[in-house]
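Rule-based calculations on the coordinates, nothing more; no lab input. These numbers were taken from a predicted model, which means no experiment stands behind them. For neighbour counting, all protein chains shown are included, and Cβ atoms are generated from backbone atoms with ideal geometry for every residue, glycine included.
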Amino acid sequence: MMNLEQLWTDLQQEIKEILGVNKYEIWIQKGSDVKLRLMDYGTDWILFETNNDFFAQHVEKHIWPTLSDLFLAMCGHTIEFRYRPSVEPDVSNESIESTVQHHQQKIHPRRVLDGIPTDKTFDNFVVGSCNSFAHAAAMAVAESLGDTQYNPLYMYGSTGLGKTHLMLAIANEVAQQDHSITPLYITAESFINDMIFHLRTRRMNEFKIKYRENCTLLLMDDIQFLSNKDQMQEELFHTFEYLKNQGHQIVFTSDVLPKDIEGLMERLSSRFQSGMIADLQAPDMETVLAIIQQKSENMGAYIPNDVAQYVAEHAQGNVREVEGSLNKLVGYAKLRKVRISLELAKRELRHLFQEKSTAPLAPDSVISSVSSTFNIEKSHLLGRSRKAIFSLPRQVAMYIMKEYSPLSTAQIGQSLNGRDHSTVIHGHSKIKDKLSTDPSLKQTVDLIKRDLQIWT
């Protein structure tokens, strides 16, 4: 039987490959408060200690089944995942009283918040493997405002994957739980414009009162728009510090990780990473179909299965595109008083899909999409390592660019850190051969194609 230290070392390597580099660094490697510690193990169980039940539950549900399979192969039997809290839960009278008050608050009539759509709730958010982590994190925030484990919450992912929906769901949930809290939702662009206005009118004191003294829940969308805007970043930094010191909740969304926002001051980046980071990936086909079903039910429309399949394939995993396509189909069918059919969908959505398919495919977009899908850093994809974990994504990028862009093999090689054309030809050929025999790889490539809006 291996010792505890060796077992944990081996486990961390497997967790790293499953989570991906970014998540592994955030949760495990960087000494964050949000982490697991291996405490003990037996012949059929492993005990961890954690001060974050949410993460432990996520590991148990989404990561442990894979690790358990490894142990089954090694040991010949299953291994039970166990965990215990680092700190005993608060069972004081104050805690009990707080819980009672929490449930009492839920009986208030539903509040309607200015500027926050009431239809963006947790109830109508379709959860899949692509977004379950972010969904659980957002719900945890709504239930435990200001908890240091979730403050700030930073959600990132490509456009149209549900980041804003989850952010607004937090606002709507909190508004129903506690009528004394009025969530402040704003885009980073609006924050910038608001600050410029108050600077020009010499009313910055009003600005600070609005975002600091009068704010207990700040939700800021599309934080990447603060890129290279030093004065705005400086103001947000001080706002962040004030709210955090007051125990108030902060939620951000972005297209990318904090470290990938160009021109973001280091001290602000570190603040963004000090709480919980959750990413949203492009949904798989099953999740997209579930979204279509829910949206169509909400619209009171019947969408045949073949139409749903057609929309799912061409909307490329973008929830906004799904919704836009359904709106157009349902609206046309009601106006013309006709049934929704596959022929109707192909005719009415043809121009939308064709317009998108003619957009140029940039190498940087391919590299970003492949890196994100495989959960590796861009530097590793462009690097010289021949490890399968890096070489396979690199070859997928070669395949995508050769198949779906007008670039020559020499140009493709140049975009991948100066590789020669023969390497590109080999990589393309290898992936092309594998796609016919490897369903998992085909699914991954399809996800990347949907993310890049490639129609075939």
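For this structure, a couple of remarks:
- Separation of the Glu403 and Arg350 label points, Cα + 7 Å toward Cβ, nm: 2.6 nm
- Leu47 versus Arg82: modelled label distance in nm, points set 7 Å from Cα along the beta carbon direction: 0.6 nm
- Note on Ser227 and Glu286: with the Förster distance fixed at 35 Å, the Cβ-Cβ geometry gives a FRET efficiency of about 0.50.
- 20 Å reach of a label modelled at Ser129, 7 Å along Cα-to-Cβ, counting backbone N of the stretch 429-456: 435-452
- Of the trypsin sites (Lys or Arg not before Pro) found in the stretch 153-241, the ones in coil according to DSSP and having at most 14 other Cβ atoms within 10 Å of their Cβ are Arg202, Arg203.
- Seen from Ser254, the other residues with C-beta closer than 15 Å to its C-beta sum to a net charge of -3, counting Lys and Arg as +1 and Asp and Glu as -1.
- Taking a sphere under 15 Å around the Cβ of Asp230 and counting the other residues whose Cβ falls inside, with K and R at +1 and D and E at -1, yields a net charge of -2.
- When peptides 429-440, 131-142, 292-303 are ranked by their average number of other Cβ atoms within 10 Å per residue, the highest-first order is 131-142, 292-303, 429-440.
- Pairs from Lys16/Lys449; Lys120/Lys210; Lys295/Lys402; Lys328/Lys402; Lys163/Lys210 whose Cα-Cα separation, in the structure shown, is over 29 Å: Lys295/Lys402; Lys328/Lys402
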